[in-house]
Amino acid sequence: MTPIQKNHPRPASAQRKRTFLGSLDGLLAAISLTLTAPSAFAAALTWDTGSGDGAAITAASGSWNTTAGNLVWNNAGANVIWSQTLINDASNTATFAGADGTTDQYVITLAAQMAAESITFNNSGYKVTGSTLALMPTTTTSGAITVAAGKTATINSAIAYGANAGSSIVSNAGSTLNLGGGASNAQYTFSGAGTVNVTAGTSYSANTGAINVATFNQSGGTFNITPGNAVGYNINSTSQNVAYNLSAGTLSVNGNAITPGVSNAHLGIGNGTG
């Protein structure tokens with residue numbers, strides 16, 4: 001005769017233990033995910049002097065600072081003050097939008113150094129001036145400048161970048177970006193089918209990168225190019241002609257002491273360079 005096997009119910013204490021261990025595993029997994037996932041605290045803020053009108057963006061002059069009560073930044077429909085981790089470590093991106101204005105109509109004044117992960121101009125009429133604009137997502141990286149197609153913007157503040165870190169400056173088709181405040185050393189890449197005007201300022205210095213914006217006009221300031229060992233700085237584009245027009249100011253192309261066995265430090269001009 002085959003013995004009759006009985007299924008004995010698991011004691012309640014054992015069931016509770018299994019449930020607890022499952023919950024603990026889930027908790028540990030959540031903690032691990034929190035610790036390993038990248039930080040996502042940065043907010044995308046849009047300049048808006050019309051506080052209290054929801055998602056509507058009002059374009060006007062004003063002060064860019066961290067002063068309590070200066071609610072000139074729109075964050076998903078609610079106006080907030082500007083915040084930053086440090087003066088060289090940004091917490092937010094900055095976008096300028098709203099109704100188009102005439103060139104330099106909306107004056108944005110920095111009384112102290114402001115740090116942004118990037119700056120984007122989606123409408124015409126803005127001029128950033130005063131103090132220093134640090135385009136630094138972290139203390140060692142550089143943020144981008146972007147001007148939307150057909151728009152005009154001016155930055156007359158000095159620009160601080162992460163030391164010699166790559167920086168992107170994009171002037172899209174039909175747009176104009178005026179730079180008049182100079183900048184710290186970075187590896188500049190100018191691109192887009194628009195125009196960049198360097199009107200003043202010193203210390204635009206680069207070892208690598210490229211000028212492949214459609215038109216680059218220098219009527220003031222200083223641009224220093226010292227091609228790095230084993231790499232070069234290029235004035236070229238594979239998709240369009242590049243015009244570098246120097247009417248005033250200084251373009252300085254500096255020699256580089258070549259490391260033995262390395263011979264590719266160069267200034268390349270033309271689409272076939274590299």
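The values are calculated or read from the model by the stated rules, or taken from the named source; none is laboratory data. Just so we're clear, the structure is a prediction, and the values are computed from it rather than from any experiment. Cβ: placed from backbone, ideal geometry, glycine included. Neighbour counts: every protein chain shown. Each accessible area value is taken on the protein alone, full model and side chains, heavy atoms only, with ligands, DNA and RNA left out. Shrake-Rupley method; radii C 1.70, N 1.55, O 1.52, S 1.80 Å.
Looking only at region 172-221, residues that are more than 17 Å from the chain's Cα centre (by Cα), modelled with pLDDT of 95 or more and among the hydroxyl-bearing types (Ser, Thr, Tyr) come to 6 in all. Within region 226-243, the set of residues being open to solvent by 30 Å² or more (accessible area, probe 1.4 Å) and part of a loop (DSSP other than H, G, I, E, B) comprises Thr226, Asn229, Ala230, Val231, Thr238, Ser239, Gln240, Asn241, Val242. The requirement of being part of a loop (DSSP other than H, G, I, E, B), under 20 Å from Ile108 (Cβ atoms), modelled with pLDDT of 95 or more and open to solvent by less than 50 Å² (accessible area, probe 1.4 Å) is satisfied by Ala59.
Check region 91-112 and report whether any residue there is in contact with a Phe, Trp or Tyr (Cβ under 6 Å, 6 or more places away or on another chain) and open to solvent by 30 Å² or more (accessible area, probe 1.4 Å). No, region 91-112 contains no residue that is in contact with a Phe, Trp or Tyr (Cβ under 6 Å, 6 or more places away or on another chain) and open to solvent by 30 Å² or more (accessible area, probe 1.4 Å).
Filter region 72-90 for residues that are hydrophobic (A, V, I, L, M, F, W, C) and surrounded by fewer than 16 Cβ atoms within 10 Å (Cβ to Cβ); which is farthest from the chain's Cα centre (by Cα)?
Among those that are hydrophobic (A, V, I, L, M, F, W, C) and surrounded by fewer than 16 Cβ atoms within 10 Å (Cβ to Cβ), it is Ala78.
Does Leu246 count as farther than 27 Å from Asn88 by Cβ and either surrounded by 14 or more Cβ atoms within 10 Å (Cβ to Cβ) or touching a Phe, Trp or Tyr at 6+ places or on another chain (Cβ under 7 Å) (or both)? No: the conditions fail for Leu246. Within region 39-71, the set of residues being more than 17 Å from the chain's Cα centre (by Cα) and of a type in the set (Val, Ile, Thr) comprises Thr49, Ile57, Thr58, Thr66, Thr67.
The set of residues in region 156-166 that are without any contact (Cβ under 8 Å) to a residue 40 or more places away in the chain and surrounded by 24 or more Cβ atoms within 10 Å (Cβ to Cβ) contains only Ile159. Looking across region 91-101 at every residue that is over 11 Å from the mean Cα position of the chain (by Cα) and hydrophobic (A, V, I, L, M, F, W, C), the one that is farthest from Leu135 (Cα to Cα) is identified as Ala99.
When Ala115 is evaluated against the numbered criteria (1) closer than 25 Å to Lys151 by Cβ; (2) in a loop (DSSP other than H, G, I, E, B), which criterion, by number, is the only one it fails? Only one criterion is unmet by Ala115, namely (2).
Could you please give the count of residues in region 204-221 that are in contact with a strand residue (DSSP E or B) (Cβ under 6 Å, 6 or more places away or on another chain) and either open to solvent by 30 Å² or more (accessible area, probe 1.4 Å) or hydrophobic (A, V, I, L, M, F, W, C) (or both)?
Number satisfying all stated conditions: 11.
Could you please give the count of residues in region 121-136 that are buried (at least 21 other Cβ atoms within 10 Å of the Cβ) and either touching a residue at least 60 places away in the same chain (Cβ under 8 Å) or in a strand (DSSP E or B) (or both)?
Taking region 121-136 as the starting set, the residues that turn out to be buried (at least 21 other Cβ atoms within 10 Å of the Cβ) are 121, 123-128, 133-136.
Pick out the ones that are also either touching a residue at least 60 places away in the same chain (Cβ under 8 Å) or in a strand (DSSP E or B) (or both) and you get 121, 123, 125-128, 133-135.
Within region 121-136, residues that are buried (at least 21 other Cβ atoms within 10 Å of the Cβ) and either touching a residue at least 60 places away in the same chain (Cβ under 8 Å) or in a strand (DSSP E or B) (or both) number 9.
The condition (being assigned to a loop (DSSP other than H, G, I, E, B), buried (at least 20 other Cβ atoms within 10 Å of the Cβ) and not hydroxyl-bearing (Ser, Thr, Tyr)) is satisfied by just one residue among Gly194, Gly201: Gly201.
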